[in-house]
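Here is the structure we will look at.
The values are calculated or read from the model by the stated rules, or taken from the named source; none is laboratory data. Please read these numbers as outputs of a predicted model, since none were measured by experiment. Because the Cβ atoms are built from the backbone with ideal geometry, glycine has one as well, and the counts that use them run over all protein chains shown. Side chains are part of the model used for accessible areas, which takes the heavy atoms of the whole protein and leaves out ligands, DNA and RNA. Shrake-Rupley method; radii C 1.70, N 1.55, O 1.52, S 1.80 Å.
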Amino acid sequence: MSTPTRVYIARLAGVAVFDPNGDQVGRVRDAVARVRPSQRPPEVVGLVAEMPMRRRIFLSINRITSIDADAIVLGSGTLNLRRFEKRPNELLVLQELLDRRVQVEPDGRAASVVDVAMECSRNGEWSLRRLAVREQTGRLARRGNLHQVEWDKVRGLSGVADTRGTAHLLAVLEDMRPADLANALQDLPDARRNEVAAALDDERLADVLSELPEHDQVEILTALGRERAADILEEMDPDDAADLLGELPPPEQDVLLDLMEPDEADPVRQLLKYTPGTAGSVMTSEPVILPPDATVAEALARIREPQLSPAVAAQVFVARAPMATPTGRYLGMVHFQRLLREPPADLLGGVVVNDIDPLHPTTPLPEITRRMATYDLVAMPVIDRNNRLVGAVTVDDVLDHSLPRDWRDRDSVSTAPDPATSPPAPDAPTERTHD
């Protein structure tokens, strides 16, 4: 095996996995170790890799030919695509050991686990032999010393942790996209998931909540407490916040809306009034809106703002003042491709397109889907009876509400391989074996 004899596992999180032909098959999410009797360090039996469509599979350590901080290379292009499930005598290293509070012998010093190293013996067996731990000082302003210690010199590595922090697990997860982080949270035990979610900053947690199944959103929001929950709802897009609040009982909705800032709560209240399955219930109330006397250059600067999603930034809606929804009279829209073709000093009123009838808040979802497909649009305006722009339905809104309600739930994801995107069918045995 072309690899170092000691590898710190936290550094492998997110590393790409390649087959022998150089094609990427996924990314590392954790390492699997088998607990052994007595004081012998656990044996590392493989890695957990995440493939497209959120499928996590097991990669036997014996099928890996190279491990480093840049790539994991497999010795075979044949994979067992069955969804990974942890066995009773196994542990997931990053999920279960990172941030665990332990005692270091001989004096029982309190410490927390920062990283775990797996080492390869002469006979090719990988095991968890060393840990990087940080001493607990009890002082908020002072970080404890970092030490490397042998596995058998640490107590508290087995069983349910009494106390545990989140700093080092968050460091491993910080570079993940919100959808991938949401996916990782679903693999954690409920208590651990709620701890990690609570440790995220408000903006990051708002993005992650939008990618979770409704039941997980509700459980995390409830565990946060009402004041923090209201802060998170303020950071969410109004349509996502309305969808989440729609899962709560009306009295709880009212309490959280009252705790939110009025200018953040008002658009959410309005969205909650619309009938489910209509344009009003799925639209965003914060599309990009500019007046007709704004220039093309101003419009391009506006859609460059990094917080805008691609679907929202794909077009500018033009309306009379006021610019906040509900706006003044709606005039039309300009797609970003048209903006790129026009002189920067030209006015939006001269390039606006209004030959497609807008949606109304009562337009049903099947009709929205049909019209967006007919005109190849990524967003459509929604106007009220007074011809005021009240929002826009984007293609991601349509997809979210057209797919089954549990499509974000990892347990509902089919493990059947897609022949168009998956590697060849596995020839490995159906039971996991460790040679």
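I'd like to check one number: the per residue accessible area of the chain, probe 1.4 Å, reported in Å² as a whole number.
50
Just subtract the alpha-carbon distance of ALA71 and GLU261 from 0.36 nm times their residue separation and send over the number in nm, one decimal.
Extending this stretch completely gives an extra 63.8 nm.
Please report, in cubic angstrom per residue, the volume enclosed by the convex hull of the alpha-carbon atoms of region 314-372.
Once divided by residue count, the hull of region 314-372 is 107 Å³.
Where is the GNM fluctuation largest for the chain (alpha-carbon springs, 10 angstrom cutoff): GLY349, GLY108, GLY26?
GLY108
For the chain, with all protein chains present and a 1.4 Å probe, just round the carbon and sulfur fraction of the accessible area to a whole percent.
About 50 percent, which is the carbon plus sulfur part of the accessible surface.
Run the 1.4 Å probe and let me know the accessible area of THR369, rounded to the nearest 10 Å².
Here the residue's solvent-accessible area equals roughly 60 Å².
Whole-Hz Karplus ³J(HN,Hα) for region 323-333, in order, using 6.51 cos²θ - 1.76 cosθ + 1.60 and θ = phi - 60°, x for Gly and Pro?
Per-residue couplings from phi come out as 8, 6, 6, x, 7, x, 4, 6, 10, x, 9 Hz.
What does the charge count near LEU131 come to, summing +1 for each Lys or Arg and -1 for each Asp or Glu among other residues with Cβ under 11 Å from its Cβ?
Around LEU131, the charge tally is +2.
How big is the shadow of the Cα convex hull of region 151-220, averaged over all directions, in nm²?
For region 151-220, the mean projected area of the Cα convex hull comes to 5.4 nm².
Hey, any idea what the orientation-averaged projected area of the convex hull of region 242-328's Cα atoms comes to, in nm²?
Value for region 242-328: 6.7 nm².
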